[in-house]
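S.K.: Quick one: the structure is below, and I'll ask about it shortly.
The values are calculated or read from the model by the stated rules, or taken from the named source; none is laboratory data. Because the structure is predicted, anything quoted here is derived from the model rather than measured. All Cβ positions, even for glycine, are placed from backbone atoms using ideal geometry, and neighbour counts span all protein chains on display. Calculation scope for accessible area: heavy atoms of the full protein, side chains included, ligands and nucleic acids excluded. Shrake-Rupley method; radii C 1.70, N 1.55, O 1.52, S 1.80 Å.
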Amino acid sequence: MGKRKIVDESEVIRWFEEGKTYQWMIEEYKRKYNIDTVSSMWGNFRRRRGLDRRIVRDDELIPWFVKEEHRWAYPLAMLRAEARRRAGKDLTETDEGRLKNWKEMLKEEDAVVHYDPETEDGFFYVPRQEGDDDLIHQPKLKTTPRPNADRD
């Protein structure tokens, strides 16, 4: 049997609970322990320990295929937080506060989130229009890269 690479399991479990990405874990393990790891190792650890998936998929809130350069935009982070909240997942106190303030801003501005992958910023706040009954401006077609994203 090969040498175990996980130095402190409780630390890794905490990272999963905090929503750290596999890439972050790879970089942190290299920095902290000088141990090279790969994404599949972290996924296998999560599955073996019965930890929930960190990502909540919600095609109604995030119906777009989001380009790499836009994946850390604040509006997208807030949509992900709202998806976790709607799925009954716990949010950190910080995320709860940010989400509350962000949703209040959208309400005060009567705005919704719009995504245009062909722009530098990607995400924009636009005035709410007829048919915008949630936090986003619904696209004509969902572009999530998952099968059946447009099927009900």
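S.K.: Given the criterion modelled with pLDDT under 90, in contact with a helix residue (DSSP H, G or I) (Cβ under 7 Å, 6 or more places away or on another chain) and either of a type in the set (Lys, Arg) or open to solvent by less than 90 Å² (accessible area, probe 1.4 Å) (or both), identify the matching residue among Arg53, Arg71, Arg57, Arg46. Outline the logic, then answer.
M.R.: Numbers: Arg53 fails: in contact with a helix residue (DSSP H, G or I) (Cβ under 7 Å, 6 or more places away or on another chain); Arg71 fails: in contact with a helix residue (DSSP H, G or I) (Cβ under 7 Å, 6 or more places away or on another chain); Arg57 fails: in contact with a helix residue (DSSP H, G or I) (Cβ under 7 Å, 6 or more places away or on another chain).
Step by step, each of Arg53, Arg71, Arg57, Arg46 is checked, and only Arg46 is modelled with pLDDT under 90, in contact with a helix residue (DSSP H, G or I) (Cβ under 7 Å, 6 or more places away or on another chain) and either of a type in the set (Lys, Arg) or open to solvent by less than 90 Å² (accessible area, probe 1.4 Å) (or both).
S.K.: Out of everything in the range 74-96 that is small (Gly, Ala, Ser) and open to solvent by 30 Å² or more (accessible area, probe 1.4 Å), what residue ends up being modelled with the highest pLDDT?
M.R.: Ala77
S.K.: Now a separate question. For the range 96-105, which positions are touching a helix residue (DSSP H, G or I) at 6+ places or on another chain (Cβ under 9 Å) and of a type in the set (A, V, I, L, M, F, W, C)? Give the steps one after another, and end with the answer.
M.R.: If we filter the range 96-105 for residues that are touching a helix residue (DSSP H, G or I) at 6+ places or on another chain (Cβ under 9 Å), which is where we start, we get 96, 98-99, 102-103.
Hits for the range 96-105 are Leu99, Trp102.
S.K.: A further question follows. Got a number for residues in the range 46-78 being more than 16 Å from Thr143 (Cα to Cα) and assigned to a helix (DSSP H, G or I)? Break it down into steps so the answer makes sense when it comes.
M.R.: Start the filter on the range 46-78 by keeping residues that are more than 16 Å from Thr143 (Cα to Cα), which leaves 46-56, 69, 72-75, 77-78.
Still in the list and also assigned to a helix (DSSP H, G or I): 46-48, 69, 74-75, 77-78.
Qualifying residue count, the range 46-78: 8.
S.K.: Only one of Glu93, Glu82, Glu108 is acidic (Asp, Glu) and in contact with a helix residue (DSSP H, G or I) (Cβ under 7 Å, 6 or more places away or on another chain). Can you tell me which?
M.R.: Going through Glu93, Glu82, Glu108 in turn, the sole match is Glu82.
S.K.: Turning to a different aspect of this structure: Kindly indicate the residue of the range 1-43 that is of a type in the set (S, T, N, Q) and within 27 Å of Leu79 (Cβ to Cβ) and also modelled with the lowest pLDDT among those meeting that condition.
M.R.: Here is the first cut: in the range 1-43, the ones of a type in the set (S, T, N, Q) are 10, 21, 23, 34, 37, 39-40.
Imposing the further condition that a residue be within 27 Å of Leu79 (Cβ to Cβ) reduces the set to 21, 23, 39.
Values: Thr21: 82, Gln23: 89, Ser39: 89.
Checked the range 1-43; the qualifying residue modelled with the lowest pLDDT is Thr21.
S.K.: Report, by residue number, each residue of the range 1-43 that is among the β-branched types (Val, Ile, Thr), more than 19 Å from the chain's Cα centre (by Cα) and open to solvent by less than 50 Å² (accessible area, probe 1.4 Å). Spell out how you get there, then give the answer.
M.R.: Within the range 1-43, the subset among the β-branched types (Val, Ile, Thr) is 6-7, 12-13, 21, 26, 35, 37-38.
From what's left, more than 19 Å from the chain's Cα centre (by Cα): 6-7, 35, 37-38.
If the condition is that a residue be among the β-branched types (Val, Ile, Thr), more than 19 Å from the chain's Cα centre (by Cα) and open to solvent by less than 50 Å² (accessible area, probe 1.4 Å), then Ile6, Ile35, Thr37 are the ones that fit.
S.K.: Okay, moving on. Working only within the range 110-125, note down all residues that are surrounded by 13 or more Cβ atoms within 10 Å (Cβ to Cβ) and within 15 Å of Phe65 (Cα to Cα). Before you say what the answer is, go through the steps one by one.
M.R.: So the first thing to find is which residues in the range 110-125 are surrounded by 13 or more Cβ atoms within 10 Å (Cβ to Cβ), and the list is 111-117, 122-125.
The answer is Val113, His114, Tyr115, Asp116, Pro117, Gly122, Phe123.
S.K.: On to the next question. Please determine, by comparing only the residues of the range 97-109 that are within 18 Å of the chain's Cα centre (by Cα) and among the charged types (D, E, K, R), which one is surrounded by the most Cβ atoms within 10 Å (Cβ to Cβ).
M.R.: Within the range 97-109, the match that is surrounded by the most Cβ atoms within 10 Å (Cβ to Cβ) is Arg98.
S.K.: Scan the range 7-17 and give yes if some residue there is out of contact with any strand residue (DSSP E or B) (no Cβ under 7 Å at 6 or more places or on another chain) and of a type in the set (Gly, Ala, Ser), otherwise no.
M.R.: yes
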